[in-house]
Amino acid sequence: MLRAVLEEAGRRLPGCAAAVLVGSDGMVIEKWTAPGAPPADDLAAELTPVLRSIQTLGRNTGGGPFREMIVGLEAWTCLMHPVNSETYVVLVARHDSVPGRIRYEAARAASRIEPELR
């Protein structure tokens, strides 16, 4: 079920290279990747420390809990969206993808995955 939701998000998002479900410990729970996608394990390992820093920033400055993170690089755009306090959906798409569309697909996938993790 989890992989099916990730694959659907990846196929619905034009230019999507990867859809990954990752735990706050940096471990990949499930993934869907297109040919030529950045390695899901590398994405999870590199994004997790950034996530922790953002969570600390929110706590220490009164900014509140983590809501989402978007990283734009020359080759691709990556969005991380919480499913719950310990699990996150990561979507990776072409650099010219519409951020709002990435946000929509990530939120949609997270809402479908959340009941499965209870």
Note to self: Residue pairs, Cβ under 8 Å, 6 or more apart or interchain, first in the stretch 91-107 and on the phi < 0 side of the Ramachandran plot, second outside any helix (DSSP H, G or I) and of a type in the set (D, E). List them.
What the structure shows: H95/E74; R103/E68; A106/E68
Check: Can we say T77 is hydroxyl-bearing (S, T, Y), over 26 Å from M1 (Cβ atoms) and in a strand (DSSP E or B)?
Finding: yes
Notebook entry, point to check: Which of the residues that make up the stretch 80-98 are under 13 Å from L13 (Cβ atoms), within 8 Å of the chain's Cα centre (by Cα) and of a type in the set (A, V, I, L, M, F, W, C)?
Noted result: V89, V90, L91, V92
Margin query: Just the residues that are of a type in the set (D, E) and either in contact (Cβ under 8 Å) with a residue 40 or more places away in the chain or part of a helix (DSSP H, G or I) (or both), please, taken from the stretch 26-59.
Written below: D41, D42, E46
Next item on the list: Quick one: which residue in R67, R94 is touching a strand residue (DSSP E or B) at 6+ places or on another chain (Cβ under 9 Å), within 18 Å of A17 (Cβ to Cβ) and charged (D, E, K, R)?
Entry: R94
Margin query: Regarding the stretch 26-40, can at least one residue be identified that is modelled with pLDDT of 95 or more, surrounded by 15 or more Cβ atoms within 10 Å (Cβ to Cβ) and closer than 16 Å to E114 by Cβ?
Written below: yes
Note to self: Here are the criteria: (1) assigned to a strand (DSSP E or B); (2) without any contact (Cβ under 8 Å) to a residue 60 or more places away in the chain; (3) not basic (K, R). Tell me which single one V22 does not satisfy.
What the structure shows: (2)
Note to self: For the stretch 7-19, give me the residue count where each residue is open to solvent by 20 Å² or more (accessible area, probe 1.4 Å) and assigned to a helix (DSSP H, G or I).
What the structure shows: 4
Checklist line | Only listed residue being acidic (D, E), surrounded by 22 or more Cβ atoms within 10 Å (Cβ to Cβ), out of contact with any Phe, Trp or Tyr (no Cβ under 7 Å at 6 or more places or on another chain) and not in a loop (DSSP other than H, G, I, E, B), chosen from E116, E105 | finding: E105
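The values are calculated or read from the model by the stated rules, or taken from the named source; none is laboratory data. All of these numbers come straight from a predicted model, not from anything done at the bench. All Cβ positions, glycine included, derive from the backbone under ideal geometry; neighbour counts span all protein chains shown. Keep in mind that these areas ignore ligands, DNA and RNA; they rest on the heavy atoms of the full protein, side chains included. Shrake-Rupley method; radii C 1.70, N 1.55, O 1.52, S 1.80 Å.
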